[in-house]
1. Could you list, ordered by first residue, the pairs with Cβ atoms under 9 Å in which the first is in the range 93-111 and over 16 Å from T144 (Cα atoms) and the second is of a type in the set (K, R) and crowded, with 17+ Cβ neighbours inside 10 Å, at least 6 apart or interchain?
2. Which condition does F86 not pass, out of (1) surrounded by fewer than 17 Cβ atoms within 10 Å (Cβ to Cβ); (2) over 25 Å from P31 (Cβ atoms), if it passes all the others?
3. Working only within the range 91-102, note down all residues that are crowded, with 16+ Cβ neighbours inside 10 Å and either assigned to a loop (DSSP other than H, G, I, E, B) or modelled with pLDDT of 95 or more (or both).
4. Need pairs with beta-carbon distance below 8 Å; first residue near the ligand (Cβ under 8 Å from one of its atoms) and within the range 65-87, second part of a strand (DSSP E or B); sequence gap 6+ or separate chains.
5. Is there a residue being within 18 Å of the chain's Cα centre (by Cα) and modelled with pLDDT of 65 or more anywhere in the range 8-17?
6. Which members of the range 124-151 meet the condition of being among the β-branched types (V, I, T) and in a loop (DSSP other than H, G, I, E, B)?
7. Take A63 and decide whether it is among the hydrophobic types (A, V, I, L, M, F, W, C), surrounded by 13 or more Cβ atoms within 10 Å (Cβ to Cβ) and out of contact with any Phe, Trp or Tyr (no Cβ under 6 Å at 6 or more places or on another chain).
8. Restricting to the range 36-59, give me the number of residues that are more than 16 Å from I147 (Cα to Cα) and of a type outside the set (G, A, S).
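The values are calculated or read from the model by the stated rules, or taken from the named source; none is laboratory data. This one's a predicted model, so the numbers in the text were calculated from it and none came from an experiment. So basically every Cβ, Gly included, is an ideal-geometry build from the backbone, and we count neighbours across all protein chains shown.
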Amino acid sequence: MNPIAGDATRSDQAPVSATLADVEFPISPAPDAVEFWDGVERGELMLPWCGACEAPFWYPRTACPRCGDRTTDWVPSPGRGTVHAFCITHQPLVAHLRDRVPYVTALVDLDEDVRMMGLLDVAPDPSAVHVGMGVVVEFVPTATRKIPRFRPRPEGDRP
Ligand SMILES: [Zn+2]
């Protein structure tokens, strides 16, 4: 069985999610990103927010990239957005995903107006991905820790 395609004989026609339960992701959170990864373990996509701008920013860091203010807080995001750009990887460039090609990596514009990179599960057909595709985050167990991954939003689920 192709691990990215999962069990293509499922009858419910729901997107087939590829399991990553046996993949060891080499993730060592930077000090500024510990709260983000703690949120992922809880099933929450936490974004750093600037207290002065009253807006989120990405990636996590000690000071707001817009104004330099260090009054930041963490706010959960619904994790909804649209695909800004994507790459379908056929060549296994990283060891921990060598058995999972082809896989899709996407830049996602979250509804909060921050751009985040992540895996996008469009199995069983990676070519179904397109710019502007509505996506939502999910939290996927791996052998090391949960990771955030995006999947297409159902048809009719508009922002
Ligand atoms: Zn700011």
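1. L110/R80; D111/R80
2. With respect to (1) surrounded by fewer than 17 Cβ atoms within 10 Å (Cβ to Cβ); (2) over 25 Å from P31 (Cβ atoms), F86 is out only on (1).
3. As a first pass, look at the range 91-102 and keep what is crowded, with 16+ Cβ neighbours inside 10 Å: 96-97, 100-102.
Selection gives R100, V101, P102.
4. Matching pairs, first to second residue: R66/C50; R66/A55; C67/C50; D69/C50.
5. Within the range 8-17 (the criterion being within 18 Å of the chain's Cα centre (by Cα) and modelled with pLDDT of 65 or more), the answer is no, since none of the residues qualifies.
6. V129, V131, T142, T144
7. Values: among the hydrophobic types (A, V, I, L, M, F, W, C): yes; surrounded by 13 or more Cβ atoms within 10 Å (Cβ to Cβ): yes; out of contact with any Phe, Trp or Tyr (no Cβ under 6 Å at 6 or more places or on another chain): yes.
The answer is yes for A63.
8. As a first pass, look at the range 36-59 and keep what is more than 16 Å from I147 (Cα to Cα): 48-58.
Filter once more, so that each one left must be of a type outside the set (G, A, S): 48-50, 53-54, 56-58.
The number of residues fulfilling the criteria is 8.
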